[in-house]
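Q: Let me begin by handing over the structure; questions about it come next.
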Amino acid sequence: MTLWRHELRLLLRQRLSVLALVLLALLTVAALGTGMAEVARQRAAIAAIPPAQAEDIGAVADYVVRTKDAGSAAYYSFHATWDAPAPLAFAALGMRDVAPYILRVRALGLEAQIYDGDTFNPEVALPGRFDFAFVLVFLAPLFVIALFHDLVSGEREAGRQRMLDALPRGGAALWRRRTGLRLILLWAALGLPFAVAAAVEGVAVGVVLLVLGVIVAYLLFWIGLAVLVGQLRWSSVANAATLAAAWLVLVLIVPTLGNVVIDRAIPVGQGAEIALAQREVVNHAWDIPREATMRRFYATHPELADSPPLGSDFHYKWYLAFHQNGDESVAPKVQAYRAALERRDRAGRAFGWVLPSVGVQALLTRLARTDLTAQLAYQDRIRAFHARLRSFYYGYVFYDRPFGRDEFRRAPRFDDQAGG
């Protein structure tokens with residue numbers, strides 16, 4: 001332990017090394033604070049849903065009870081859905097920074113409602129927000145380079161290497177101690193603030209330990225690369241330039257090129273195209289005989305075929321039917337779009353097995369449930385809830401059953417944990 005304390009004292013005399021460690025710790029704390037603040041904002045927005053929902057439904061009920069028209073209730077009632085952040089979301093915000101985590105839906109065509117806000121390609125959205133994952137994946141390697149580029153070359157250039165190699169417990173043992181000490185300090189600058197934040201957020205112990213292990217593994221990769229470059233016996237400046245170039249290639253250039261290759265190999269359209277196609281079917285329904293719409297609807301919903309026939313006046317069951325037809329008409333497009341997204345996601349994860357920066361980012365977003373898989377799971381919960389909404393309203397609309405305040409209270413409510 002005396003040798004370790006001695007090495008620590010020597011390191012603390014190096015102002016640039018100390019400054020690098022302090023700066024990394026400050027960046028880590030700032031990133032964790034930013035992530036926790038964003039997650040707290042999202043949780044506050046979700047917590048505000050029930051009172052706002054109750055007020056909104058109350059206003060609709062005041063209007064509907066005059067006529068007790070179930071169609072009006074279905075048309076005017078918005079029902080909130082939400083995707084609550086996982087405990088670890090603060091560390092890797094992932095798609096929560098670009099994809100909606102609250103969506104209000106009506107018992108009308110769902111696909112247009114889901115994809116209306118899809119103005120980007122979520123599968124290629126870059127991790128632009130400053131969070132813990134950004135600090136670990138993009139910035140931590142730079143601090144490894146700062147602390148390790150001259151670990152041996154600096155002593156050689158100062159004329160001390162031969163003396164250090166000749167000392168008792170010098171040589172390889174000395175370099176192992178210095179490497180181990182720097183690894184521990186770098187890990188502490190990243191891991192200790194993370195552990196504190198994770199404890200505050202209620203992250204499971206197993207997940208915390210796994211992330212701490214990922215931090216060590218990622219640091220070891222870059223330390224190993226720095227040691228490998230150091231074996232070439234170049235100057236400290238050459239080592240730093242080589243490692244900086246490696247960082248540029250491994251963290252920025254290759255992942256970007258990989259995304260381009262995956263994008264071209266697995267083309268994916270825009271979700272907005274699905275919304276447009278669904279709307280075209282819905283709008284076309286106004287121009288064709290209503291009987292054609294109802295025949296198509298009853299072909300897929302025979303349980304409602306015994307409902308009273310349409311009269312000459314407008315009826316909401318016709319309106320709801322062609323919205324349902326619109327959703328069913330774009331179902332193949334939805335499946336193809338989702339399958340393409342999942343293929344891109346799998347390709348990106350496979351890329352992460354050979355490129356640590358991509359792999360660590362993918363693992364953190366998966367653990368934090370902020371990746372594409374989590375976003376698609378949220379859409380599945382929305383669809384399950386929407387199916388319950390439609391079934392509830394159809395029972396009133398298609399059979400002309402009166403819809404009063406009691407029916408508003410019996411309407412389905414979204415449960416994020418129960419899948420809708």
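The values are calculated or read from the model by the stated rules, or taken from the named source; none is laboratory data. Because the structure is predicted, anything quoted here is derived from the model rather than measured. So basically every Cβ, Gly included, is an ideal-geometry build from the backbone, and we count neighbours across all protein chains shown.
Q: With (1) within 26 Å of the chain's Cα centre (by Cα); (2) surrounded by 15 or more Cβ atoms within 10 Å (Cβ to Cβ); (3) at pLDDT 90 or above as the list, and residue 209 as the residue in question, which single condition is left unmet?
A: Unmet condition: (2).
Q: Out of 52, 86, I need the residue that is aliphatic (A, V, I, L, M), surrounded by fewer than 20 Cβ atoms within 10 Å (Cβ to Cβ) and modelled with pLDDT under 95. Which one? Break it down stepwise before answering.
A: Working: 86 fails: modelled with pLDDT under 95.
Matching residue, one of 52, 86: 52.
Q: Here is a list of conditions, (1) assigned to a helix (DSSP H, G or I); (2) within 30 Å of residue 324 (Cα to Cα); (3) of a type in the set (A, V, I, L, M, F, W, C), and residue 268 meets all of them except one; can you say which number that is?
A: (1)
Q: So which residues in segment 352-362 are within 18 Å of the chain's Cα centre (by Cα) and surrounded by fewer than 20 Cβ atoms within 10 Å (Cβ to Cβ), if there are any at all? Give the steps one after another, and end with the answer.
A: Step one: filter segment 352-362 for residues within 18 Å of the chain's Cα centre (by Cα), giving 352, 357-362.
Within segment 352-362, just 352 meets the criteria.
Q: Just a yes or no: is a residue in segment 355-369 over 30 Å from residue 410 (Cα atoms) and of a type in the set (Ser, Thr, Tyr)? Lay out the reasoning, then the answer.
A: Start the filter on segment 355-369 by keeping residues that are over 30 Å from residue 410 (Cα atoms), which leaves 355-369.
After this cut, where a residue has to be of a type in the set (Ser, Thr, Tyr) as well, the list is 357, 365.
Yes, segment 355-369 has at least one match.
Q: Going by the conditions given, is residue 414 among the hydrophobic types (A, V, I, L, M, F, W, C), more than 20 Å from the chain's Cα centre (by Cα), within 19 Å of residue 109 (Cβ to Cβ) and modelled with pLDDT of 95 or more? Steps first, please.
A: Numbers: among the hydrophobic types (A, V, I, L, M, F, W, C): yes; more than 20 Å from the chain's Cα centre (by Cα): yes; within 19 Å of residue 109 (Cβ to Cβ): yes; modelled with pLDDT of 95 or more: no.
It is false that residue 414 is among the hydrophobic types (A, V, I, L, M, F, W, C), more than 20 Å from the chain's Cα centre (by Cα), within 19 Å of residue 109 (Cβ to Cβ) and modelled with pLDDT of 95 or more.
Q: Here is a further query. Filter segment 5-37 down to the residues that are surrounded by 13 or more Cβ atoms within 10 Å (Cβ to Cβ) and over 17 Å from residue 144 (Cα atoms) and list them by number.
A: 7, 29, 30, 31, 32, 33, 34, 35, 36, listed by residue number.
Q: Would you kindly identify the helices (runs of 4 or more DSSP H) lying entirely within segment 1-67 that contain at least 1 residues that are over 22 Å from residue 182 (Cβ atoms)? Break it down into steps so the answer makes sense when it comes.
A: Numbers: elements: 2-12, 15-47, 49-64.
Because the criterion is at least 1 residues that are over 22 Å from residue 182 (Cβ atoms), the helices (runs of 4 or more DSSP H) in segment 1-67 that meet it are 15-47, 49-64.
Q: For segment 236-279, enumerate the residues that are modelled with pLDDT under 90 and either farther than 24 Å from residue 346 by Cα or touching a Leu at 6+ places or on another chain (Cβ under 7 Å) (or both).
A: Result: 236, 268.
Q: Quick one: in segment 287-327, which of the residues that are of a type in the set (Gly, Ala, Ser) and in contact (Cβ under 8 Å) with a residue 60 or more places away in the chain is surrounded by the fewest Cβ atoms within 10 Å (Cβ to Cβ)? Steps first, answer last, please.
A: Here is the first cut: in segment 287-327, the ones of a type in the set (Gly, Ala, Ser) are 292, 299, 305, 307, 311-312, 321, 326.
In the following step, the residues that additionally are in contact (Cβ under 8 Å) with a residue 60 or more places away in the chain were identified as 307, 326.
Details: 307: 17, 326: 23.
Residue satisfying both the conditions and the ranking: 307.
Q: For segment 98-117, does any single residue satisfy the condition of being touching a strand residue (DSSP E or B) at 6+ places or on another chain (Cβ under 6 Å), closer than 30 Å to residue 37 by Cβ and assigned to a helix (DSSP H, G or I)? Let's see the steps before the verdict.
A: Our first condition is that a residue be touching a strand residue (DSSP E or B) at 6+ places or on another chain (Cβ under 6 Å); within segment 98-117, this holds for 102-105, 113.
After this cut, where a residue has to be closer than 30 Å to residue 37 by Cβ as well, the list is 102-105, 113.
Remaining after also requiring assigned to a helix (DSSP H, G or I): 113.
Checked segment 98-117: at least one residue is touching a strand residue (DSSP E or B) at 6+ places or on another chain (Cβ under 6 Å), closer than 30 Å to residue 37 by Cβ and assigned to a helix (DSSP H, G or I).
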